[in-house]
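Remarks on the structure that follows.
The values are calculated or read from the model by the stated rules, or taken from the named source; none is laboratory data. Only a predicted model underlies this, so the values are computations on that prediction, with no experimental measurement involved. We place every Cβ from the backbone using ideal geometry, glycine too, and count neighbours over all the protein chains shown.
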Amino acid sequence: MNQSLDMDPVKTELPGRVQRSGNMLLEARGLVKRFFGVTVLNGISMSLQPGEVRALLGENGAGKSTMINLLSGVLQPDGGEIFLDGEPVRFLQPIDANHAGISVIRQELSLFPDLSVAEAVFAGHLPTTRFGRIDWKYMREATQSALGRLDLAVDVRAPVDSLSVAEQQMVEIARALTRESRVVIMDEPTASLSPKEVANLGEIIAQLSRDGVAVLYVSHRLDEVRAFCSTYTVLRDGKAISEGIVKDTTIPLLIRDMAGRDVEIGRSGAERSSGKAVLEVRNLASRPHGRVVQRVRDVSFTLHENEILGLAGIVGAGRTETARMLFGLDPIGSGDVLLEGESFAPSSPSAAMKAGIGYVSEDRKALSILPQRSVTENFALTGVVPPKLFGRNDSAGEAKLLEQFIETLDIRAASIKAPIATLSGGNQQKVILARWIARHPRVLIVDEPTRGVDVGAKEDVHDLIRKISAQGVAVLLISSDLPEILALSDRIITLLEGNVTSEVDAASATAETLMMKMTKHE
Amino acid sequence: MTEDPNVAMARARRYALLGKLAPLIFLLLLVIIFAILQPRFLMSLNIFNILRQVSIFGIIAVGMTFVILIRGIDLSVGSLVAVTGLCAAVVAKGGVEGNFALTADGTGFHWAFAALAALAAGTLAGVLQGMAIAWLAVPAFVVTLGGLTIFRGIALTISNGGPVSGFSAEFGWWGRGLVGPIPVPVIIFAVVALVAYLVLTQTRFGRAVYAVGSNPDAARLSGINVNLVTIATYGVIGFCSGMAGFVLASRLNSAEAVAGTGYELTAIAAVVIGGTSLYGGTGGVVGTVIGALLTGVLMNGLVILNVSPYTQQVMIGLIIIAAVAFDAFIKKQSR
C-alpha cells in the first residue's frame with residue numbers, strides 16, 4: 001500500500017497506517033520544528049515497533065536530519081510529542097535520548113580521532129572497577145566482541161584516526177551495540193562503505209531486528225532500502241508524504257513520492273540560444289589522498305555562453321568537489337579542462353579568477369562572508385574595483401558600484417558600513433553574488449545559491465542568475481533543490497558517486513527522472 | 001521570551017559602540033584617578049615621561065596589531081629588539097670589541113646605515129618566521145617561541161655577552177633628542193602608528209589582513225593569497241621590532257643582549273587591552289595606541305603612588321584579564 005497522503009498536520013490518524021497500540025517502542029506524533037520562522041517539519045508522525053526496520057526517505061532538505069535530531073534530543077520540537085513505550089518523553093539533550101536507549105550513527109562521523117577504538121566505543125559511558133578506576137580489561141573485551149559481531153578485525157588499542165572511514169563507521173555501529181540500544185538511527189550509514197561492507201551491514205541490521213531492536217534507516221540508496229527495510233516513510237518539504245510496507249511498493253513509486261512536488265517557480269521559458277562553448281570538462285577525476293576517497297571519478301560536460309547548466313546529485317555525489325577543482329581549490333586528479341579551447345588547470349583561486357572563473361561557495365557562513373567586516377569590505381573582497389596608487393582602496397568607486405548593486409538587487413542593509421553579519425541570509429547572499437558578478441566572470445559557478453535564503457530573496461537570486469546568464473555569462477548551477485535546478489537550468493547533468501549518469505535538456509526533465517538518475521538502484 | 005528585533009538590534013549596536021569606547025573610557029578613568037591621588041602625575045614632565053616610555057613598546061605593539069589581526073601571535077619581538085639593537089650598534093661602532101670588527105681601522109658607519117641594518121635584520125627575521133608559519137604550517141606560537149630563544153642566542157653571540165655602547169650624538173638623537181618639548185621616540189611612535197592606521201584602513205593589504213583574520217577560508221576563496229599576507233604581516237612586526245631595537249639602543253646609548261626582555265608580553269597586552277580580538281579580524285591601531293597608553297599610565301601611576309613593583313605586576317595582569325573578559329562579554333551582547 002502506498003498512500004499519497006493529504007498532508008494535514010492536525011490529522012495524525014492516517015488511513016491505512018499500521019495500527020497504533022501499546023506495543024510501539026518509539027512513536028512521534030505531529031512533530032513540528034521551525035527555524036527562524038521557517039517551518040522545516042510540519043506535523044510528522046511516525047512509529048517504530050520492536051524489531052521494525054523503517055526507512056526514512058526524502059530529498060536533501062526534506063527534513064530527515066531535523067527528524068533525526070528531534071528523536072535523538074539534539075533539537076527540541078516546537079510542537080507534537082514523542083512517546084517511548086507509550087509514555088510521553090522529552091529529550092532535552094542527546095544524553096537523555098541515549099539513556100533512553102536511542103543511538104544515532106551519524107553521517108559525519110562523530111568519533112574522537114585521537115582516542116583508541118575501545119575508548120571511542122565507550123566514550124561517555126566508560127566502565128569502572130569497584131575502585132573507580134577505568135575498567136580497561138572489560139572495555140577491550142567488550143569492544144572486541146562487539147567488533148567481532150560486525151566481522152571487523154582491528155586492534156582495539158589503535159587510535160580511531162588510523163582506521164579507514166568504513167572501519168570508523170563500523171566502530172560507530174559497535175558503539176551503538178555496546179550501549180544495549182533499543183532504537184538505532186542510521187543516517188546514510190553506507191555512504192563510504194564498499195559493497196561487501198554494505199552486505200555485512202545488512203546482516204547486522206537483520207540481527208538487530210531479530211533481537212527486537214528498532215532501526216530507523218535513513219538513506220538515498222533505494223536498493224538498500226529494499227533489501228534491509230520492512231516499512232518506510234517518505235518526507236517531502238517537511239511533511240510525511242507517504243508511508244507503508246516496502247515490499248508493497250516499487251522504487252519508481254518511492255522516487256515519485258520523494259521528488260514529485262510541483263515546481264512552484266516558473267521556468268524562465270526564454271529561448272536562450274546557447275552560444276559557443278566556454279568550458280569543456282573531459283573525464284575529470286579528483287585525486288584521492290590518504291583516507292580521502294575519490295569523490296569525482298568521471299565527469300564530462302560542456303558549458304556554453306548564455307547557458308545555465310544544472311549539476312544535480314545527492315550529497316556526496318561529487319558536485320562541490322568538481323567545482324573546487326575548476327576553481328583551483330583542489331588539485332585535478334586526471335582529465336582535461338578546456339577554457340575557451342585552451343587547456344586550463346588553475347593552481348589557486350586567484351589563478352582561476354584571473355582566467356575569468358567565479359565561485360559562489362555552498363557554505364555562506366564558513367566560506368563566503370567575513371562576518372565582522374562591513375558590507376563594502378565583503379563586496380570588495382574579490383578586488384572588484386582596482387586600487388589606486390600605492391594599493392590604496394578606491395573607497396568612492398567601491399561605494400558607487402556597491403550602491404548600484406544595492407539598488408538593482410534590492411539589498412536591504414542598514415548601511416554599507418554595517419557588518420555583513422547584521423544582514424539577513426538572503427541579503428548576505430546577494431552581496432556575495434554581487435562580489436562575483438561585479439568582476440564580469442566568463443564562468444560563474446554557483447553552489448547551493450539559495451541555501452538558508454528566505455522565499456522572497458530566493459526569487460531575487462533566481463532572477464539574478466537568469467539575468468547574468470542572459471548577459472553572456474556561462475553559469476554552472478549546483479543545487480540539491482531539484483525545483484531550483486529545473487526552474488533555472490537550460491540543460492541538466494546528474495551525478496552519482498562521482499560519475500555523470502545523464503545529460504538532459506531541462507525542458508524534458510522532471511524531478512522524478514532526475515531523481516532516478518541521482519540515486520542508486522538496480 | 002522573544003524580543004522585538006528592532007529593540008534587540010539597537011541594544012546590540014549600543015553594546016558594540018561601548019565595546020569600541022571601553023579602552024578610552026578606562027584610560028581616562030585611570031588618568032583621573034591617578035591625578036586625584038597624586039597631582040604630580042599630570043605635570044608635563046611626567047606626561048612626556050610616560051609617552052617616552054610607551055613609545056618603544058608602542059612601536060612593537062603597532063606591529064603586533066597586524067599579527068593578532070590575522071589570528072597570529074609573535075613572542076619573539078623582545079629578543080628581536082635585542083638582536084636589531086645590536087645590529088645597529090655593531091654597524092655604528094664598526095664591530096664589537098674583542099669579538100669581531102667590520103672595518104679594518106675600527107671606525108663605525110653613519111647612523112643611517114646602523115638604522116637600516118636594524119630595520120633590515122628585523123624585517124628579515126620576521127619574514128623568515130612568517131614563511132615557517134605559512135608554508136610549514138607550524139603554529140605561530142611555536143615558531144615565535146623558537147624565535148624567542150634563537151634571537152636571544154644570536155644577540156648573545158653578537159655581543160659576546162657584554163654591552164656595546166657609546167655612540168655619536170647623531171645616533172643618540174633618535175632616542176634622546178627632543179623636537180620642541182616632544183621626545184623624538186614619541187614622534188617616531190606617532191608616525192609608525194599613523195602609517196599603520198592608514199595601511200590597515202585605506203589599502204588593499206590592510207583589507208587582506210582583516211579578511212584573513214576574519215575568515216581565512218573566505219579570503220582564500222576570494223583570491224587572496226593567504227600565505228603571502230601571513231608572511232608580509234610577520235615582516236611588518238619584524239620591521240617594527242627593528243625600529244624599536246634601534247630607538248632603544250639610541251636612547252640607552254648602549255645595546256646589549258638582554259635588552260627588550262618581556263617586551264612581547266607588554267606589546268600583546270597593549271593590543272589586547274586596546275580591543276583587538278585574539279580571534280582575529282576585529283580591532284585596529286587606534287585601540288592599540290590607547291592600550292599602550294593605558295599600560296604606560298598604569299605602570300607610571302603605580303610607581304608614582306609608590307606601589308611596590310611586585311604588586312604592580314599583579315595589578316597589570318589583572319587588568320589584562322579584565323580587558324579580555326570585558327571584550328568577550330561585549331561580543332556576546334552585541335551579537
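Residue count for segment A:308-319 satisfying the condition of being crowded, with 24+ Cβ neighbours inside 10 Å and either part of a loop (DSSP other than H, G, I, E, B) or among the β-branched types (V, I, T) (or both): 4. Considering each residue of segment A:449-459 in turn, at least one proves to be at pLDDT 90 or above and under 28 Å from A:E305 (Cα atoms).
Inspect segment A:80-89 for any residue being farther than 15 Å from A:T178 by Cα and assigned to a loop (DSSP other than H, G, I, E, B) and give the result as yes or no. Yes, segment A:80-89 contains a residue that is farther than 15 Å from A:T178 by Cα and assigned to a loop (DSSP other than H, G, I, E, B).
Which is touching a Pro at 6+ places or on another chain (Cβ under 6 Å) and either under 25 Å from B:V229 (Cα atoms) or of a type in the set (D, E, K, R) (or both), of B:R152, B:R204, B:R176? Walk me through how you get there before you give the answer.
Details: B:R152 fails: touching a Pro at 6+ places or on another chain (Cβ under 6 Å); B:R176 fails: touching a Pro at 6+ places or on another chain (Cβ under 6 Å).
Testing whether each residue is touching a Pro at 6+ places or on another chain (Cβ under 6 Å) and either under 25 Å from B:V229 (Cα atoms) or of a type in the set (D, E, K, R) (or both) leaves just B:R204.
Is it fair to say A:R435 is away from chain B (no Cβ under 14 Å), outside any strand (DSSP E or B) and in contact (Cβ under 8 Å) with a residue 40 or more places away in the chain? It is false that A:R435 is away from chain B (no Cβ under 14 Å), outside any strand (DSSP E or B) and in contact (Cβ under 8 Å) with a residue 40 or more places away in the chain.
The set of residues in segment A:146-174 that are touching a strand residue (DSSP E or B) at 6+ places or on another chain (Cβ under 8 Å) and farther than 22 Å from A:H289 by Cα comprises A:V156, A:R157, A:E172, A:I173.
Report, by residue number, each residue of segment A:505-522 that is in contact with a helix residue (DSSP H, G or I) (Cβ under 7 Å, 6 or more places away or on another chain) and either modelled with pLDDT of 90 or more or surrounded by fewer than 18 Cβ atoms within 10 Å (Cβ to Cβ) (or both).
If we filter segment A:505-522 for residues that are in contact with a helix residue (DSSP H, G or I) (Cβ under 7 Å, 6 or more places away or on another chain), which is where we start, we get A:506, A:509, A:511-512, A:514-516, A:519-522.
Listed by number, the residues that qualify are A:E512, A:K520, A:H521, A:E522.
Taking the condition of a type outside the set (V, I, T), within 14 Å of chain A (Cβ to nearest Cβ) and crowded, with 19+ Cβ neighbours inside 10 Å, does B:A218 pass? So B:A218 passes the test.
Going through (1) part of a loop (DSSP other than H, G, I, E, B); (2) surrounded by fewer than 17 Cβ atoms within 10 Å (Cβ to Cβ); (3) more than 12 Å from chain B (Cβ to nearest Cβ) one by one, A:I411 falls short only on (2).
Search segment A:396-408 for residues being of a type outside the set (A, V, I, L, M, F, W, C) and touching a residue at least 12 places away in the same chain (Cβ under 8 Å), and hand back the single one that is nearest to the other protein chains (Cβ to nearest Cβ).
Across segment A:396-408, the extreme among qualifying residues is A:E398.
The single condition from (1) buried (at least 22 other Cβ atoms within 10 Å of the Cβ); (2) within 9 Å of chain B (Cβ to nearest Cβ) that A:M325 fails is (2). If you check B:S165, B:S159 for being under 19 Å from B:L80 (Cα atoms), crowded, with 19+ Cβ neighbours inside 10 Å, touching a residue at least 60 places away in the same chain (Cβ under 8 Å) and of a type in the set (S, T, N, Q), only one passes: B:S159.
The set of residues from segment A:81-100 being polar (S, T, N, Q) and more than 19 Å from A:V213 (Cβ to Cβ) comprises just one member, A:Q93.
Within segment A:234-245, is even one residue assigned to a helix (DSSP H, G or I) and of a type outside the set (V, I, T)? I'd like the intermediate steps shown before the answer.
So the first thing to find is which residues in segment A:234-245 are assigned to a helix (DSSP H, G or I), and the list is none.
The answer is no, given that none of the residues of segment A:234-245 is assigned to a helix (DSSP H, G or I) and of a type outside the set (V, I, T).
Can you name the residue in segment A:359-376 that is facing chain B (nearest Cβ under 7 Å) and in contact (Cβ under 8 Å) with a residue 12 or more places away in the chain and, of all such residues, is nearest to A:R439 (Cα to Cα)? Out of the qualifying residues, it is A:Y359. Every condition in (1) surrounded by fewer than 18 Cβ atoms within 10 Å (Cβ to Cβ); (2) within 21 Å of the chain's Cα centre (by Cα); (3) outside any loop (DSSP other than H, G, I, E, B) is met by A:R282 except one, and the failing one is (2).
Within segment A:339-358, is there a residue that is of a type in the set (S, T, Y), part of a strand (DSSP E or B) and either free of Cβ contacts under 8 Å to residues at least 40 places away in the same chain or surrounded by fewer than 15 Cβ atoms within 10 Å (Cβ to Cβ) (or both)?
If we filter segment A:339-358 for residues that are of a type in the set (S, T, Y), which is where we start, we get A:343, A:347-348, A:350.
Then keep just the ones that are part of a strand (DSSP E or B); that gives A:343.
Add one more test, that the residue is either free of Cβ contacts under 8 Å to residues at least 40 places away in the same chain or surrounded by fewer than 15 Cβ atoms within 10 Å (Cβ to Cβ) (or both), and what stays is A:343.
Among the residues of segment A:339-358, at least one is of a type in the set (S, T, Y), part of a strand (DSSP E or B) and either free of Cβ contacts under 8 Å to residues at least 40 places away in the same chain or surrounded by fewer than 15 Cβ atoms within 10 Å (Cβ to Cβ) (or both), which makes the answer yes.
Here are some conditions: (1) loosely packed, with under 13 Cβ neighbours inside 10 Å; (2) not in a loop (DSSP other than H, G, I, E, B). A:A153 meets all but one. Which one does it not meet? Answer for A:A153: the failing condition is (2).
Close contacts from segment B:38-60, counting a first residue that is under 12 Å from B:I188 (Cβ atoms) and a second that is outside any helix (DSSP H, G or I), with Cβ to Cβ under 6 Å and a gap of 6+ residues or different chains, come to B:R52/B:P183.
In segment A:475-502, how many are among the polar types (S, T, N, Q) and surrounded by fewer than 24 Cβ atoms within 10 Å (Cβ to Cβ)?
Going residue by residue through segment A:475-502, those that are among the polar types (S, T, N, Q) are A:479-480, A:489, A:494, A:499, A:501-502.
This time we only want the ones that are surrounded by fewer than 24 Cβ atoms within 10 Å (Cβ to Cβ), so: A:480, A:499, A:501-502.
Residues flagged as among the polar types (S, T, N, Q) and surrounded by fewer than 24 Cβ atoms within 10 Å (Cβ to Cβ) within segment A:475-502 amount to 4.
Would you be able to say whether some residue in segment B:273-293 is at pLDDT below 90, outside any loop (DSSP other than H, G, I, E, B) and farther than 24 Å from B:A155 by Cα? Yes: one or more hits. Quick check, is A:L92 in the same structural domain as A:S45 (by TED's automatic domain parsing) and without any contact (Cβ under 8 Å) to a residue 60 or more places away in the chain? Yes, satisfied. Where helices (runs of 4 or more DSSP H) fall wholly inside segment B:183-246, the ranges with 3 or more residues that are of a type in the set (A, V, I, L, M, F, W, C) and farther than 21 Å from B:I59 by Cβ are B:204-214, B:216-221.
Going by what's in this entry, would A:G335 be described as part of a strand (DSSP E or B) and either more than 11 Å from chain B (Cβ to nearest Cβ) or modelled with pLDDT of 95 or more (or both)? Explain how you work it out, then say what you get.
On the way: part of a strand (DSSP E or B): yes; either more than 11 Å from chain B (Cβ to nearest Cβ) or modelled with pLDDT of 95 or more (or both): yes.
Here the answer is yes, as A:G335 does meet what is asked.
The set of residues from segment A:409-461 being closer than 24 Å to A:V40 by Cβ, outside the structural domain of A:T382 (by TED's automatic domain parsing) and of a type in the set (A, V, I, L, M) comprises A:V446, A:V453, A:V455, A:A457, A:V461.
Just one of A:F379, A:F390 is within 12 Å of another protein chain (Cβ to nearest Cβ), of a type in the set (F, W, Y), farther than 25 Å from A:S424 by Cβ and not in a strand (DSSP E or B); which is it? Only one candidate passes the filter, namely A:F390.
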